[in-house]
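A quick write-up on the structure given underneath.
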Amino acid sequence: MSSSDTLTLTVDDDGVAQLTLNRPAALNALNTTMMTEFSAALRQVTDSGARVLVLTGAGRAFAAGADIAEMRDRTFGDMTDSNHLAAWEELADLRIPTIGAVNGFALGGGCEIAMMCDILIAGAGASFGQPEIGLGIIPGIGGTQRLTRLVGKAQAMDLILTGRRVDAAEALRIGLVSRVVPDDDVLEEALVVARQIAGFSGRAARAAKECVLRADQTTLSEGLLFERRWFHSLFAFDDQTEGMTAFLDKRPARFTDG
Ligand code: HXC
């Protein structure tokens, strides 16, 4: 377990890392310290050999967005010279599967970080939104892009141009999250899913993630070719033989990442 000013990180023996945004008094508002510590924590996750990452927030929010108090007096020069916010994108670049366990508010940058996760599980009381329009700005870490790809132009425009919030049930209906569970169960549900994925072949899980994400980046024919090449590649590894042999032997597979 390691803690910094704004985050808590644990990695368990099953290969599941749990990273908690931990500024509950400010509803886990994302400030520069947190961004720097987040970047370092992701490096720790990678170095630890963790196979799946669960990301959640302490208290009554996943994250209520970028820290407005910190941002208010920033100038264009400050923002552009420091390429402010770019480091958050490192979450999307992580090769292992990531699961967002969304408790409470996921607003602005909080919603955007949630959308960088591969699987999103929400507590029934969670709410999502891109309220930046009310602050005189727009989403800055993927809201206009990832939300549009996830829920389509009509819903994305509605949410981004009005700043309205959607509850967990609506988030499920429009395809923003894949599961809604009681609030008290959200972290445990995410950890169960994480342990399940961590028990599969790590190579297969990473390949599946890379192929699904490719769908947003390329044409169908290129994506299909990319997928087929990965499919062929997995036959280079012992885990494919083990997975299929275990099925035929009617026993659980013992994947070794070999
Ligand atoms: C700084 C924040 C904050 C934020 C909440 N707080 N959100 N501080 N930045 N984004 C602080 C409040 O000031 C308050 O501090 C404490 O957290 C509790 O919040 P309350 O407002 O008292 O709670 P509540 O009445 O329950 O309202 C919850 C809320 C509201 C609806 C989530 O806090 C809210 O609207 N927050 C701002 C949401 C937002 O606009 N997010 C977008 C930010 S811009 P004190 O000290 O008073 O107790 C953004 C840009 C994205 O994200 C760019 C990429 C990162």
(request) Return the total of residues in the stretch 92-110 being assigned to a helix (DSSP H, G or I) and under 20 Å from residue 138 (Cβ atoms). (result) 3
(request) Of all residues in the stretch 114-128, count the ones that are crowded, with 22+ Cβ neighbours inside 10 Å and more than 16 Å from the ligand (Cβ to nearest atom). (result) 2
(request) Considering each of 61, 86 in turn, give the residue that is within 12 Å of the ligand (Cβ to nearest atom) and touching a residue at least 24 places away in the same chain (Cβ under 8 Å). (result) 61
(request) Identify, by number, the condition in (1) surrounded by fewer than 21 Cβ atoms within 10 Å (Cβ to Cβ); (2) without any contact (Cβ under 8 Å) to a residue 60 or more places away in the chain that residue 14 doesn't meet. (result) (2)
(request) Tell me, please, whether a residue that is closer than 26 Å to residue 201 by Cβ, aliphatic (A, V, I, L, M), within 16 Å of the ligand (Cβ to nearest atom) and surrounded by 19 or more Cβ atoms within 10 Å (Cβ to Cβ) can be found in the stretch 17-38. (result) no
(message) Among (1) within 26 Å of residue 14 (Cα to Cα); (2) surrounded by 12 or more Cβ atoms within 10 Å (Cβ to Cβ); (3) not aliphatic (A, V, I, L, M), there is one condition residue 235 misses while meeting the rest; what is its number?
(response) (2)
(request) Name every residue in the stretch 212-232 that is within 21 Å of residue 97 (Cβ to Cβ) and small (Gly, Ala, Ser), in order of residue number. (result) 215, 223
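Go through the stretch 91-103 residue by residue and tally those that are buried (at least 17 other Cβ atoms within 10 Å of the Cβ) and either within 8 Å of the ligand (Cβ to nearest atom) or farther than 15 Å from residue 20 by Cα (or both). Walk me through how you get there before you give the answer.
Pass one, the stretch 91-103, residues buried (at least 17 other Cβ atoms within 10 Å of the Cβ): 91-92, 94, 96-103.
Checking which are either within 8 Å of the ligand (Cβ to nearest atom) or farther than 15 Å from residue 20 by Cα (or both) leaves us with 92, 94, 96-97.
Residues meeting the conditions: 4.
Of the residues 253, 236, 205, 246, which is under 22 Å from residue 94 (Cα atoms) and aliphatic (A, V, I, L, M)? Spell out the reasoning first.
Numbers: 253 fails: under 22 Å from residue 94 (Cα atoms); 236 fails: under 22 Å from residue 94 (Cα atoms); 246 fails: under 22 Å from residue 94 (Cα atoms).
When all the criteria are applied, what remains is 205.
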(message) Against the definition (β-branched (Val, Ile, Thr), closer than 28 Å to residue 73 by Cα and either without any contact (Cβ under 8 Å) to a residue 24 or more places away in the chain or touching an Asp or Glu at 6+ places or on another chain (Cβ under 9 Å) (or both)), how does residue 162 come out, yes or no?
(response) no
(request) Considering only residues that are surrounded by fewer than 17 Cβ atoms within 10 Å (Cβ to Cβ) and within 10 Å of the ligand (Cβ to nearest atom), look in the stretch 64-82 and name the one that is nearest to residue 167 (Cα to Cα). (result) 68
(message) So, in the stretch 129-174, exactly how many residues are surrounded by 14 or more Cβ atoms within 10 Å (Cβ to Cβ), part of a helix (DSSP H, G or I) and within 8 Å of the ligand (Cβ to nearest atom)?
(response) 4
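Throughout, read-outs are computed from the coordinates displayed, never taken from laboratory work. Only a predicted model underlies this, so the values are computations on that prediction, with no experimental measurement involved. Using ideal geometry, Cβ is built from the backbone for each residue, glycine included, and neighbour counts are taken over all protein chains shown.
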